[in-house]
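J.: Have a look at the structure that comes next, please.
The values are calculated or read from the model by the stated rules, or taken from the named source; none is laboratory data. Computed from a predicted structure; not experimentally measured. Here the Cβ is made from the backbone with ideal geometry for all residues, glycine too, and neighbour counts use every protein chain on show. SASA here: full protein model, heavy atoms, side chains in, ligands and nucleic acids out. Shrake-Rupley method; radii C 1.70, N 1.55, O 1.52, S 1.80 Å.
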Amino acid sequence: MQNLSPVSHTALITGVSRSLGLGFAVARQLAEQNYHVILAARDETQAERLAAKLREAGHNATALRLDLADRSSIYEAADRLSRMIDRLDVLVNNASPMPDFCTRSALEIDLDALHSAFEIIVFGCWGLIQSLLPLLRKAPAARIVNVSSAAARQIENRDSGPLFSPAYSLAKHTLNTLTATLAAALADTPILINAVDPGPVASHPERGDDAYDRSPAEAAKGVVWAATLEDGGPSGGLFYDGKPITVGLP
């Protein structure tokens, strides 16, 4: 039998289905800090394949089926987790479609793409937090990290230039606002929630647009930083590599 590392905490990371993805890099780094990592994806087979890689390296890893566009899937995942673990220390909302990658104007937006982006990035994230709140409250000091994007700041810094991926950008902008809203609602708890912009990530080399992007491992560091904040850390903010983001930065 494989000798596994001792577990200190449990973390759930959504959208973990690709070995080159940010979610898997986050899962690996948390596993290396002795977290039991739960890799969630719409296709549990893909998540299990990645979880097996971590177990082969001596880490504690479990796969979980979760489709954030399906409310019943969120409820089923929460029920399964409640029978699997007694608390949840970290939730990383990483799952994120980009249905309008080639769109360059809000006037050309496809409303189905807009619905798809909000369904997962905003409504799915919000619903998952609600469903897992009982487990998060059982942890001594849970952390929630919502993975944002520099695309959101296009909405804040509007000029006459093109608006790339407007559906995705609007959804991520709303996610940032949701993060601050939930931080206020959780202010009387030890739970900290923050949004993190990981920067451009070289996770899709097949698109040919990743030559100057950060590696998933490098981009994951800022997410892991927010997931492992000490007591008294910030909540409700937007960060890049552990530093607060203001409009136009970094």
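J.: Looking for something closer than 20 Å to THR45 by Cα and of a type outside the set (A, V, I, L, M) - is there at least one such residue anywhere in the stretch 101-110?
T.: no
J.: Restricting to the stretch 23-47, name every residue that is open to solvent by 10 Å² or more (accessible area, probe 1.4 Å) and either of a type in the set (D, E, K, R) or touching a Ser or Thr at 6+ places or on another chain (Cβ under 6 Å) (or both).
T.: Correct list: ARG28, GLU32, ASN34, HIS36, ARG42, ASP43, GLU44, GLN46.
J.: Return the residue satisfying two criteria in turn: it lies in the stretch 203-235 and is crowded, with 19+ Cβ neighbours inside 10 Å and small (Gly, Ala, Ser), and of such residues it is modelled with the lowest pLDDT.
T.: Filtering the stretch 203-235 for residues that are crowded, with 19+ Cβ neighbours inside 10 Å and small (Gly, Ala, Ser), the one modelled with the lowest pLDDT comes out as SER203.
J.: Out of LEU249, LEU175, which single residue is at pLDDT 95 or above and not polar (S, T, N, Q)?
T.: After applying the criteria, what remains is LEU175.
J.: Here are some conditions: (1) farther than 25 Å from LEU66 by Cβ; (2) under 19 Å from the mean Cα position of the chain (by Cα); (3) open to solvent by less than 10 Å² (accessible area, probe 1.4 Å). PRO166 meets all but one. Which one does it not meet?
T.: Every listed condition holds for PRO166 apart from (2).
J.: Could you figure out which of (1) more than 15 Å from the chain's Cα centre (by Cα); (2) part of a helix (DSSP H, G or I); (3) more than 23 Å from PRO99 (Cα to Cα) isn't true of ALA141?
T.: All conditions pass for ALA141, except number (2).
J.: Shifting gears a bit: Is there a residue in the stretch 174-182 that is open to solvent by less than 30 Å² (accessible area, probe 1.4 Å) and among the polar types (S, T, N, Q)?
T.: yes
J.: Filter the stretch 70-85 down to the residues that are among the small types (Gly, Ala, Ser) and in contact (Cβ under 8 Å) with a residue 40 or more places away in the chain, then identify the one that is farthest from LYS138 (Cα to Cα).
T.: Going through the qualifying residues, I end up with ALA77.
J.: Only residues that are among the small types (Gly, Ala, Ser) and open to solvent by 60 Å² or more (accessible area, probe 1.4 Å): list them for the stretch 55-81, please.
T.: Hit for the stretch 55-81 is ALA57, nothing else.
J.: Condition test on ALA52, is it in contact with an Asp or Glu (Cβ under 8 Å, 6 or more places away or on another chain) and either basic (Lys, Arg) or surrounded by fewer than 21 Cβ atoms within 10 Å (Cβ to Cβ) (or both)? Write out each step before concluding.
T.: Details: in contact with an Asp or Glu (Cβ under 8 Å, 6 or more places away or on another chain): no; either basic (Lys, Arg) or surrounded by fewer than 21 Cβ atoms within 10 Å (Cβ to Cβ) (or both): yes.
Spelling it out, it is not the case that ALA52 is in contact with an Asp or Glu (Cβ under 8 Å, 6 or more places away or on another chain) and either basic (Lys, Arg) or surrounded by fewer than 21 Cβ atoms within 10 Å (Cβ to Cβ) (or both).
J.: Moving to a separate point now. Quickly run through the stretch 123-152 and pick out the residues that are open to solvent by 20 Å² or more (accessible area, probe 1.4 Å) and among the basic types (Lys, Arg).
T.: ARG137, LYS138
J.: Does the stretch 86-101 hold any residues that are more than 18 Å from PHE123 (Cα to Cα), open to solvent by 20 Å² or more (accessible area, probe 1.4 Å) and either touching a residue at least 60 places away in the same chain (Cβ under 8 Å) or among the polar types (S, T, N, Q) (or both), and which are they?
T.: ARG87, PHE101
J.: Give the residue, chosen from ALA25, ALA51, ALA11, that is of a type outside the set (Lys, Arg) and over 14 Å from the mean Cα position of the chain (by Cα). Let's see the steps before the verdict.
T.: On the way: ALA25 fails: over 14 Å from the mean Cα position of the chain (by Cα); ALA11 fails: over 14 Å from the mean Cα position of the chain (by Cα).
After ruling out the rest, the residue left standing is ALA51.
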